[in-house]
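These notes concern the structure reproduced below.
The values are calculated or read from the model by the stated rules, or taken from the named source; none is laboratory data. Just so we're clear, the structure is a prediction, and the values are computed from it rather than from any experiment. Quick reminder, even Gly has a Cβ in these numbers, built from the backbone with ideal geometry, and neighbours come from all protein chains shown.
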Amino acid sequence: MRDDDSPVGPPDADSVVVIGLGRFGGQVAQSLLRLGHDVLGIDEHPKRVHRWSERLPRVVEADSTDDQALRQCGVADYPRAVVGIGSDVEASILTVVALTELGVPEVWAKAITAKHGRILASVGAHHVIFPEAAMGDRVAHLLASRMLDFIEFDDGFAIAKVCAPPDAAGRTLAESRLRQRYGITVVGIKERDRQLRYAGPETLIPPDALLIVAGATTAVQQFGR
């Protein structure tokens, strides 16, 4: 095990340990750091540790399948952990087991197949992520519609960014009757070079505006088409 020897205090409620600093884990770690979280990065590959030591405040080279090695890194004191290991399924599973045995309260883990995801959940992962499948589904929705962005939630609810229909331009939301016609709710309007503003029934829809809409996934998809 090797630490970068940078001074660091005990983890707080916003601290996260990210294990596996490949493309997914590295991006998660960097985004968390940008959002103001304290991040501990762990990887078993010396080159990755060296590369990420210049970007993260603390990076450790360690075998994440060894609970004693994780304990020495202080992982047991962290409230949340993200396992970004994808290519080595066995290491991914054993890392989740080690985190569970250490009593980490919240474990997020990347899965590459449905079976992999089921195993991760069965050995203690609280949240299983399928980044490739999620991105593929998102791109498919964008290609098959007028939507510029699309996010679907597990409970059949979605949010999308869509170009305003031509027949709605110059009308208020109440006059356009988009909710009655499509079953969606316009929650915001974005015009070029202007900040997003929340929308109400009397909000006027400018030409070429972008609408932030929410509703049941099927309704959002229909409106996007």
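Brief remarks follow.
- Of the candidates SER64, SER87, the single residue that is surrounded by fewer than 16 Cβ atoms within 10 Å (Cβ to Cβ) and among the hydroxyl-bearing types (Ser, Thr, Tyr) is SER87.
- Per this entry, ALA216 is not counted among residues that are over 13 Å from VAL162 (Cα atoms), buried (at least 16 other Cβ atoms within 10 Å of the Cβ), of a type in the set (Gly, Ala, Ser) and under 29 Å from the mean Cα position of the chain (by Cα).
- Residue check for GLY74: within 18 Å of ASP14 (Cβ to Cβ) and either touching a strand residue (DSSP E or B) at 6+ places or on another chain (Cβ under 6 Å) or surrounded by 14 or more Cβ atoms within 10 Å (Cβ to Cβ) (or both): yes
- Residue within segment 35-54 that is touching a residue at least 12 places away in the same chain (Cβ under 8 Å), farther than 12 Å from VAL17 by Cα, outside any helix (DSSP H, G or I) and touching a His at 6+ places or on another chain (Cβ under 9 Å) present: no
- Any hit, segment 140-155, residues being basic (Lys, Arg), modelled with pLDDT of 85 or more and either out of contact with any Cys (no Cβ under 7 Å at 6 or more places or on another chain) or surrounded by fewer than 19 Cβ atoms within 10 Å (Cβ to Cβ) (or both): no
- Checked against the criterion of being on the phi > 0 side of the Ramachandran plot and in contact with a helix residue (DSSP H, G or I) (Cβ under 8 Å, 6 or more places away or on another chain), segment 57-64 has no qualifying residue.
- Wholly within segment 57-134, strands (runs of 3 or more DSSP E) carrying at least 1 residues that are β-branched (Val, Ile, Thr) and either at pLDDT 90 or above or out of contact with any Lys or Arg (no Cβ under 9 Å at 6 or more places or on another chain) (or both): 58-61, 80-83, 106-110
- Index of the failed condition, ASP14 passing every other in (1) over 19 Å from the mean Cα position of the chain (by Cα); (2) not in a strand (DSSP E or B): (1)
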